[in-house]
Amino acid sequence: MPTMSGLYLFKQCPRLVPPVIDAAKCNIQLISRSLYTVPNETLEKQRTSPLNRNPELRKQSKHRVLNSKEVSEFRDRLPEFLPNPNPEHRDRISEILERQDMVNRRRNIDIPEFYVGSILAVTIADKYAPGKDGRFVGICIHREEHGLRHKFILRNVIDKQGVEIMYEMYNPLILKIEVLKQEKRLDDSLLYLRDCPLEYSYIPQDLKGQMIHKGVQVPVNKTKVPLGPRPWSQRWDRFDLKGVEEFTDWRSEKARIRALESRQHPQVAKPWEKVDLIKHYKENINPVEAEEIYGEVDKDSKNWKND
Amino acid sequence: MAAKGLFNVQCKLLICDVGRILEPNNSISRPLLCYQQNRGKRIARPSKIAPRPWFVRKKATPHMKYLTEENKELLDNVALHQYKNQPSPLRDEPWPRNEWTPSVRRAGLLGVKIGVQPQWKKDGTRILCQLIQIVDNHVIRYTPPEEYQKSLGYKPMSPTCYGSLVVGAMSTHPWNYSKAYHNLFLEAGVPPKRKLTRFLITPDAAIQPGTPLSVHHFKVGQYVNCSAKTIARGFQGVMKRWGFSGGPASHGSTKFHRRPGSISSGMDRGIVKGKKMPGWMGNDWRTLSNVKIWRINTKYNVLYVSVGIPGPHHGYVRINDSVTHKIKQKYVEAGKQFPMPTYYEDDATEPYPEDIYDEELFPMTENSITFEQTE
C-alpha cells in the first residue's frame with residue numbers, strides 16, 4: 001500500500017488536486033529561486049512588522065461591513081475592481097495603487113453602470129478626426145481583464161459590414177460614455193454575434209437614449225439568435241450557450257451525429273469542472289477579500305462623478 | 001564509503017531526541033538509518049547558488065519552534081525595546097555633504113518588483129510601467145577605497161577610486177540569525193536585514209551608516225540602471241538556451257530535431273572555448289541600463305519605471321544611477337541636481353505630494369485629454 005503523498009493523490013485524481021511535489025524530488029531551480037525572491041507571505045510580514053519605519057504600510061482602512069448579497073451585486077456591477085486571481089501576480093500594495101488610480105479617474109468622468117448586451121455610445125478624443133473627436137454607437141459584446149487594463153468591445157454594422165471597436169475603460173482619451181439602453185442578455189459574452197446574421201448586431205447611429213430607473217432590477221433580454229452557416233470563428237456547438245437557437249443547417253445527418261457525439265466526449269464536456277472546488281477557488285477572489293475591496297469602493301463611491 | 005554514510009546518521013541523530021530513538025518500539029522513517037553507498041559519477045558542477053567564501057553564516061539553528069506563543073511574544077517585545085532604545089550613530093555630527101557633479105558615483109537602492117501596470121502619456125499613448133517598492137532600506141557600512149582594496153571582495157584589475165557601501169533591506173525578527181550576522185549591524189544600530197547588497201561609490205558620495213534610504217534618493221524623469229537575477233530555468237538544451245534552429249521535423253531525420261549539430265572540425269584543434277552548449281540556464285545577474293522613472297509614490301515608497309527588468313515577480317532589484325555620458329550631459333545642460341549623498345528628511349521645505357509625475361505622463365487626477373483644433 002503506497003503512502004498518501006501529494007504525488008500519489010495527483011496520479012489518482014489529477015483534476016481535483018494541484019500537483020504537489022514531494023520535498024525529496026524538488027527541483028533545484030525551485031530552491032534557487034527562493035534565494036533572490038521574497039514569498040508573498042514574508043513580504044507582507046515585513047511590511048506589517050513594528051520594526052518597519054513606514055507606518056502607512058501597517059494601516060487598515062475602516063469601512064462599512066457589507067453582507068454577501070451586496071458583495072454579489074458589486075461583483076456584477078463593478079467586476080473590474082477585483083484583481084487578477086492568479087497567485088503569481090498578486091501583491092497588496094500594487095493592488096491598492098491600481099484601485100486608487102481607477103477611483104481618481106472615476107472622480108473626473110462619469111462611467112455609468114452597464115452590462116454585456118446593453119447599448120452604449122462612446123466619444124473619444126481623436127487627433128486625426130475632423131472635429132477632434134469621434135462617437136461610436138454599438139452593442140457591448142464582451143468585457144475582460146482586471147484593474148486598469150479593463151476593456152470592453154462595441155459591435156455595430158456600418159455599410160453592411162460588421163465593425164467592432166475595443167475601448168480601454170480607464171483610458172484618459174475617453175470623453176464620455178452614454179448608456180442608451182441598459183439591459184442584460186442570457187450569456188456573459190456575446191462573441192457569437194460575429195457568426196450570426198448582420199441584422200442581429202445592427203443598431204442605428206442616431207438612436208435616442210432611454211430613461212434609466214435607478215434602484216430597479218436590470219431587465220434581461222431573452223431573444224434567441226440563430227447562427228449563420230459554418231465555418232465559425234469558434235465551435236459554438238460545443239459551448240453551453242443559452243441565447244442561441246439550436247443549429248440545424250448541418251451538411252448531412254452523419255455530420256450532425258458526429259458533432260453531437262464529440263460534444264458529449266469527456267475531454268470536451270469536462271464534467272469534473274463543475275465539481276472542481278480548487279479550480280473555482282483559484283479562478284475567483286474569495287468572498288472575504290472581495291468584501292474588503294468593495295467596502296473601500298463603497299466608501300469612496302460618494303465622491304464619484306454622476307451626471 | 002561506509003564512513004560517509006555513518007557520518008550522515010550521526011549528524012541526524014544529534015538533532016533528534018536521542019532517548020526516543022533508542023527505544024525498542026520506535027517509529028523512525030527509513031531514510032534516517034540508510035547505509036546504502038552512493039555509487040556512480042559524482043560530478044562537481046560549478047554552483048551558482050554557492051555564496052562567496054568571505055560571507056558570514058546567516059541562519060542559526062531554529063529554536064523558535066520549541067517556544068510557547070507567550071514566550072514568542074515576550075521575545076518580540078524585547079527586540080522592539082532593544083532597537084528603539086539603542087543609541088543611533090546619527091546622533092554625532094553628520095558627515096560633510098558635497099555637490100553633485102557628473103563624475104560622482106552615488107549609492108543605490110534595493111527594491112522588490114511588485115507588478116506591472118498600464119499608464120498613459122499626455123498625448124494619449126499607452127505605456128507599461130514596472131512597480132518597484134523600496135521596503136525599509138538602511139546604510140549598513142562604508143569602507144573607503146584604501147581599505148576596500150585590501151579586502152577579499154576586491155578584484156585586482158578593477159579601478160582603485162571606488163569604495164564600497166553596503167545597503168540592507170527589510171529589518172527582520174532577530175532571533176533566527178547567527179551571532180556573526182548580528183555583528184555586521186552593530187555599527188549601523190539597526191535590526192538585522194533580510195537582504196544585503198554592495199554598491200561601489202566614490203568617496204565624496206559616502207553616507208553615514210544607519211541613515212535610512214527612501215524613494216527620494218532618485219528624481220522623476222531620471223534614468224537608472226536596474227540589475228537583477230534572471231529566472232532560473234534549470235538544465236536546458238541548445239535551442240532554448242542559445243536559440244539554435246535545431247534539425248528538420250521530417251524528411252528522414254531521426255533523433256535530430258533539437259540537436260546543436262557539429263561542434264568543431266579537425267582532431268587537433270579541439271573545441272573552441274566558450275562554445276555554446278546545453279547547460280544550466282538562468283539565475284545570472286543581468287542589468288537593464290537607462291530605464292526611465294515615470295512616477296514616484298511617496299506614501300508607499302514605490303517607483304514606476306519602464307518595463308523589461310529581468311527576474312520573476314517579487315524578485316530583488318538593485319537600482320543605480322545611469323553611467324551613460326550623454327545622459328549625464330543632458331542633466332548638466334538642464335541644470336539638474338541630485339540629492340547628495342542622499343535625501344535626508346530635514347531637507348524637505350514643503351510637504352511632498354502623494355504622487356509625483358513626469359512631465360510627459362498623464363496624472364490620473366486630471367480631466368480627460370482633448371486636442372485643440374488647428375486650421
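The values are calculated or read from the model by the stated rules, or taken from the named source; none is laboratory data. Note that the structure is predicted; figures quoted are calculated from it, not measured. Here the Cβ is made from the backbone with ideal geometry for all residues, glycine too, and neighbour counts use every protein chain on show. Side chains included, ligands, DNA and RNA excluded: accessible areas come from the protein's heavy atoms. Shrake-Rupley method; radii C 1.70, N 1.55, O 1.52, S 1.80 Å.
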Exercise. Please go through the range A:87-114 and pick out each residue that is within 8 Å of chain B (Cβ to nearest Cβ) and not in a helix (DSSP H, G or I).
Key: A:91, A:109
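Condition first: more than 30 Å from residue B:193 (Cβ to Cβ) and assigned to a loop (DSSP other than H, G, I, E, B). Can you find one or more residues in the range B:309-325 that meet it?
Filtering the range B:309-325 down to residues more than 30 Å from residue B:193 (Cβ to Cβ) leaves B:324-325.
Keeping just the survivors that are assigned to a loop (DSSP other than H, G, I, E, B) gives B:324.
The answer is yes, given that some residue of the range B:309-325 is more than 30 Å from residue B:193 (Cβ to Cβ) and assigned to a loop (DSSP other than H, G, I, E, B).
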Quiz item: Which numbered condition trips up residue A:147, out of (1) surrounded by 15 or more Cβ atoms within 10 Å (Cβ to Cβ); (2) more than 14 Å from every other protein chain (Cβ to nearest Cβ)?
Solution: (2)
Exercise. Pick out the one residue from A:66, A:57 that is within 14 Å of chain B (Cβ to nearest Cβ) and of a type in the set (A, V, I, L, M, F, W, C).
Key: A:57
Quiz item: Residue check: is residue B:323 touching a residue at least 24 places away in the same chain (Cβ under 8 Å) and either out of contact with any helix residue (DSSP H, G or I) (no Cβ under 6 Å at 6 or more places or on another chain) or not acidic (Asp, Glu) (or both)?
Solution: yes
Quiz item: Just for the range B:290-300: of the residues that are of a type outside the set (Lys, Arg) and not in a loop (DSSP other than H, G, I, E, B), which one is farthest from the other protein chains (Cβ to nearest Cβ)?
Solution: B:290
Quiz item: Has the range A:37-47 got any residue that is out of contact with any Lys or Arg (no Cβ under 8 Å at 6 or more places or on another chain), over 30 Å from residue B:282 (Cα atoms) and of a type in the set (S, T, N, Q)?
Solution: no
Quiz item: Taking the range B:356-374, which residues are more than 9 Å from chain A (Cβ to nearest Cβ) and not hydroxyl-bearing (Ser, Thr, Tyr)?
Solution: B:356, B:358, B:359, B:360, B:361
Quiz item: Any residue at all in the range B:280-289 that is farther than 30 Å from residue B:320 by Cβ and either outside any strand (DSSP E or B) or of a type in the set (Lys, Arg) (or both)?
Solution: no
Quiz item: If we scan the range A:196-203, do we find a residue that is open to solvent by 40 Å² or more (accessible area, probe 1.4 Å), hydroxyl-bearing (Ser, Thr, Tyr) and within 30 Å of residue A:128 (Cα to Cα)?
Solution: yes
Quiz item: For residues in the range B:245-284 being exposed (fewer than 10 other Cβ atoms within 10 Å of the Cβ), among the basic types (Lys, Arg) and farther than 30 Å from residue A:35 by Cβ, which is farthest from the other protein chains (Cβ to nearest Cβ)?
Solution: B:269
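Condition check ((1) more than 14 Å from chain B (Cβ to nearest Cβ); (2) open to solvent by 30 Å² or more (accessible area, probe 1.4 Å); (3) closer than 30 Å to residue A:247 by Cα) across all residues:
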site	(1), (2), (3)
A:157	yes, no, yes
A:161	yes, yes, yes
A:164	yes, yes, yes
A:169	no, no, no
A:177	no, no, no
A:182	yes, yes, yes
Quiz item: Just one of the numbered conditions (1) free of Cβ contacts under 8 Å to residues at least 60 places away in the same chain; (2) more than 14 Å from every other protein chain (Cβ to nearest Cβ) is not true of residue B:287; which one?
Solution: (1)
Quiz item: Can you find even one residue in the range B:142-159 that is closer than 30 Å to residue B:352 by Cβ and over 15 Å from the mean Cα position of the chain (by Cα)?
Solution: yes
Quiz item: Of all residues in the range A:213-237, how many are of a type outside the set (S, T, N, Q) and open to solvent by 70 Å² or more (accessible area, probe 1.4 Å)?
Solution: 12
Quiz item: So which residues in the range B:301-331 are over 17 Å from the mean Cα position of the chain (by Cα), surrounded by fewer than 22 Cβ atoms within 10 Å (Cβ to Cβ) and within 14 Å of chain A (Cβ to nearest Cβ)?
Solution: B:307
Quiz item: Looking at this structure, is residue B:297 under 30 Å from residue B:352 (Cβ atoms) and either surrounded by fewer than 17 Cβ atoms within 10 Å (Cβ to Cβ) or touching a residue at least 12 places away in the same chain (Cβ under 8 Å) (or both)?
Solution: yes
Quiz item: Among (1) closer than 28 Å to residue B:240 by Cβ; (2) away from chain A (no Cβ under 14 Å); (3) free of Cβ contacts under 8 Å to residues at least 60 places away in the same chain, where does residue B:334 come up short?
Solution: (1)
Quiz item: Taking the range B:98-113, which residues are more than 17 Å from residue B:342 (Cβ to Cβ), at pLDDT 95 or above and of a type outside the set (D, E, K, R)?
Solution: B:112
Self-check item: Matching residues, the range A:238-266, being open to solvent by 100 Å² or more (accessible area, probe 1.4 Å) and over 25 Å from the mean Cα position of the chain (by Cα)
Solution: A:246, A:248, A:249, A:251, A:253, A:254, A:258, A:261, A:263, A:264
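Sort through A:288, A:297 and tell me the only one that's open to solvent by 90 Å² or more (accessible area, probe 1.4 Å), part of a helix (DSSP H, G or I), of a type in the set (A, V, I, L, M, F, W, C) and under 19 Å from residue A:73 (Cα atoms).
Result of the check over A:288, A:297: A:288.
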Practice problem: Sort through A:51, A:16, A:7 and tell me the only one that's within 10 Å of chain B (Cβ to nearest Cβ) and modelled with pLDDT under 95. | Solution: A:51
